[in-house]
Amino acid sequence: MRRTTVALAAIAGSVAPLGGQETIQLPVEDSYLEADFEERFRVGTTMGEPWEQFTSIVKLAFDEGGNLYVFDGILMAGLPAQLAIPTSLRVLVFDAAGGFLRECGRMGEGPGEFNWPNSYVVMRDGTTVVGNVRNRGYQIFDPAGSFVRSVRMPEDMQMNTNTQGDPRGGYLLTEASATSTRGWTSRPILRMSLAGDVAQVETVAEGWLPESPVLDAARTMGFGSISTPAIFEPELLYGVLPDGTIVFSDSSTYRLKLASPDGSARVERLITRPISPKPVTPAIQRAWHEQQASDLVRAEQVGWTTLGRVDVPFYPELSVIQALTVTWDGEIWVQRREQEPGDDTGPIDVLTPDGRYMGTYPAGAVALPDALGPEGLAAFIEKDEMDVETVVVKRRRSARQ
């Protein structure tokens, strides 16, 4: 591993901060880690009490006591999975041994009721926050599951599903909506205070915004000229370290940026690895079009009106980094793309909070957890041959205490 301190310059795919910046280059070769997870408990079954039967899990989370939160709902049929708008939602809470504690939340338009929920956060103390599209706000529940109050979104903001809690409490982290960033010079990561009646927002990191084509969509969608991301355009992936530092990936290369926790959006450290992106081949393009055609057929079968086809170009390469998450003690887990799009079995690099390489879980050895908790806890959603969902909670034996 090589460390250097460099003077900042304009770097493709970044917003150049002021001052010095540390660069950490990770080794070329993988050093494999053993996936030493032990199972603690399972919840979910096809028969039994209502709280034992999950319909469609949209989110898992832990609190500092090791309690598991399962956000379970019925999703709108025909919508793309990434939209995941439930027509019903309930929050089921299980203790650290898998025992059922309580159920809270219901759909509706009153105080404490969910109205088109699309973001779900459990703070470390057990405070639960659910974002609702239709009333443009967040419902806040105390650790016992009782409704406390609502916080409205600013009028000029759109709600985003990619929302996380600040480990220090009191704030949510979210990225600006993709539709609102078109025409901007960056993709901002925002920190929202929940202290008042209206969320107070500040930019805490700025991701690179690839240039997107402007399309004449008036004929097909009725929206006039719009700009839209290219297919396979690099996603903005991010996590939050315990001290509030934002770690994020915004390009197709293996480049992680760590932004200062002081809210200045200053990138203080870069972590790179010499792994090249894979090209988007004609075969990958054909497979994508075939999948889209299949999705359109299914949408029409359940009554959704399709908007027609818009010819969006393909980004020329697939991003090296496929997913990113941060453990409770600050380890950075980076899942690399192993095969073609849709394959989520790629190797997972594990880094310390300061960017040192600890090793890599081999491809297929362990899935990226659906939720991480204290003392090495990890939760995974599994499906049987009938697509019945079960949550498996495991603990990593080697987790730092």
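The values are calculated or read from the model by the stated rules, or taken from the named source; none is laboratory data. No experiment lies behind these values; they were computed from the predicted model shown. With ideal geometry, Cβ positions are generated from the backbone for all residues, glycine too; neighbour counts draw on all protein chains shown. These area figures cover heavy atoms from the full protein model, side chains too; ligands, DNA and RNA do not enter into them. Shrake-Rupley method; radii C 1.70, N 1.55, O 1.52, S 1.80 Å.
Rolling a 1.4 Å probe over the protein heavy atoms gives the range 318-401 an accessible area of 40 Å² per residue. With the simple spin-label model, which puts each label point 7 Å out from Cα in the Cβ direction, the residue 46 to residue 101 separation comes to 3.0 nm.
With coordinates expressed along the principal axes, the C-alpha atoms belonging to the range 321-391 extend over 43, 31, 15 Å, beginning with the largest. Full extension of the chain between residue 285 and residue 375 yields a length gain of 28.2 nm, computed as 0.36 nm times the residue separation minus the alpha carbon distance. Partners of residue 394 within straight-line reach, counting lysines whose Cα lies under 18 Å from its Cα and excluding those fewer than 8 residues away in the same chain: 59, 383. Ordered by 1.4 Å accessible area with all protein chains kept, 185, 23, 253 run largest first as 185, 253, 23.
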